[in-house]
């Protein structure tokens, strides 16, 4: 691991804590650089930093709507 650039792939970004924890752990293990790539982001209407983004969406925000199928995510 020493001196390597490590790529962490995360399926869903909620608060960033998992990516940050992984990056800190990998850096402590000797990685020179850590990049976190996230596939999707979970938005919460009751989180102030998400409110602005949600209000700019073209369609009403529905956290249970699957962005791939348009159906209900389960």
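Derivation of every value follows stated rules applied to the coordinates shown; laboratory data play no part. Owing to the predicted nature of the structure, the values given are computational and were not obtained by experimental measurement.
The table that follows gives values for the structure above.
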item: MRE, 222 nm, helices only [DSSP H, n ≥ 4, -39500 (n - 2.57), over the chain, to nearest 500]; result: -8000 deg cm²/dmol
item: Helix 17-28 axis, angle to the chain major axis (alpha carbon atoms, nearest 10°); result: 10 degrees
item: More than 14 angstrom apart: percent of Cα pairs within the chain; result: 67 percent
item: Within the chain, percent of DSSP bridges classed antiparallel, to nearest 5; result: 10 percent
